[in-house]
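One structure is given here, and the rest of the page talks about it.
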Amino acid sequence: MKIEKIRQASLHNEEWFKFYTEFKAAVTHFNKVTLGIKDLFDRIELLCQKADELLVVVRKSIYTEEIEEAVRKRNEFFRGFFNVVKGLQKLPAGDKQKAAEQLFILLDRGYKKPVLQGTYAEQSASVYNLLQDLQGAYAADITLLALTEWVTTISQAEQEYLTLAAGRARETVEKPQEDLRKIRRQADVLYNATATYLDARLTADGLGGDIVIDPRELDDEVHIDGEDEPGGFHELHGNIIYNFVITWNVIVKKYHAILAQRSSRRAKSEESKEEES
């Protein structure tokens, strides 16, 4: 038996905090002193308290979710515009077909990747340059192909993003975010050290590696009272570390499922985007 590994860095802030909240509940139930991890656990708990304080600041930002939604909308408008121009290349040979080809080359080679990827600031800069081209050098093509409404819609969506971004900047949320990232890294290092220590203890007791047995077969000693407690912990027998690990792994696997579902959704989204392009 050994502790299931988990990519804590891949968890969203709220998921990460819930992960450590459940870790705290499990350790508290089995007793940090009995497990031999008091020093490591106390340091993790202190970091989580600081993380909770910072999360309050981040949660209070009225702009974070709105910015994400504004960027999503703007990018969807760009994808729609891109696909319309792509389709217009199929027009019969003539001025419109030629204009569509020129415009598609501009979008595909010059703006598709930078507008849809990178940081929000990088995407915004690319959208600004795109609008300059569409309203300048390519204005005649836009008018010829009756695409003015698309350009206006993208411009309005970008302005909405800029307004929200300016409001968020005034809140100075970025500093708490950076502090939170540092605390997360520190807590993760301590958690991994704790897992390594407990795995080593199991190995020393002859219960490490792939060994999985019924805890009741280890001995008849009852380490925990018979009443269930909040969190689903039950009466367990035998090696206390083994019991902790077998219980904690059930919780870790729940977070494996969260990450797997997210990875699957992301893969489907990327596949859909590739099909559209």
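The values are calculated or read from the model by the stated rules, or taken from the named source; none is laboratory data. What you see is a predicted model; the values in this text were computed from it and never measured. Neighbour counts run over all protein chains shown; Cβ positions are idealised from the backbone, glycine included.
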request  = Take E53 and decide whether it is over 30 Å from L130 (Cβ atoms) and not in a helix (DSSP H, G or I).
outcome  = no
key: Tally, over segment 69-117, of residues that are acidic (D, E) and under 19 Å from L144 (Cα atoms)   = 2
Scan of segment 28-57 for residues that are under 20 Å from the mean Cα position of the chain (by Cα), surrounded by fewer than 16 Cβ atoms within 10 Å (Cβ to Cβ) and either under 19 Å from D199 (Cα atoms) or not acidic (D, E) (or both), ordered by number = V56
request  = Within segment 105-135, work out how many residues are farther than 14 Å from F81 by Cα and crowded, with 16+ Cβ neighbours inside 10 Å.
outcome  = 4
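Has segment 65-79 got at least one residue that is of a type outside the set (D, E, K, R), in contact with a strand residue (DSSP E or B) (Cβ under 7 Å, 6 or more places away or on another chain) and part of a helix (DSSP H, G or I)? Outline the logic, then answer.
Initial filter on segment 65-79 (of a type outside the set (D, E, K, R)): 67, 70-71, 75, 77-78.
Next, only the ones that are in contact with a strand residue (DSSP E or B) (Cβ under 7 Å, 6 or more places away or on another chain) stay: none.
No, the conditions are met nowhere in segment 65-79.
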ask   = Any idea how many residues of segment 81-109 are more than 22 Å from T153 (Cα to Cα) and without any contact (Cβ under 8 Å) to a residue 12 or more places away in the chain?
value = 7
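Would it be correct to say that K113 is in contact with a helix residue (DSSP H, G or I) (Cβ under 7 Å, 6 or more places away or on another chain) and charged (D, E, K, R)?
Considered against the rule, which asks whether it is in contact with a helix residue (DSSP H, G or I) (Cβ under 7 Å, 6 or more places away or on another chain) and charged (D, E, K, R), K113 comes out as no.
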ask   = (1) closer than 25 Å to A257 by Cα; (2) surrounded by 19 or more Cβ atoms within 10 Å (Cβ to Cβ); (3) modelled with pLDDT of 95 or more; (4) not aromatic (F, W, Y): which one isn't true of I6, the others all being true?
value = (3)
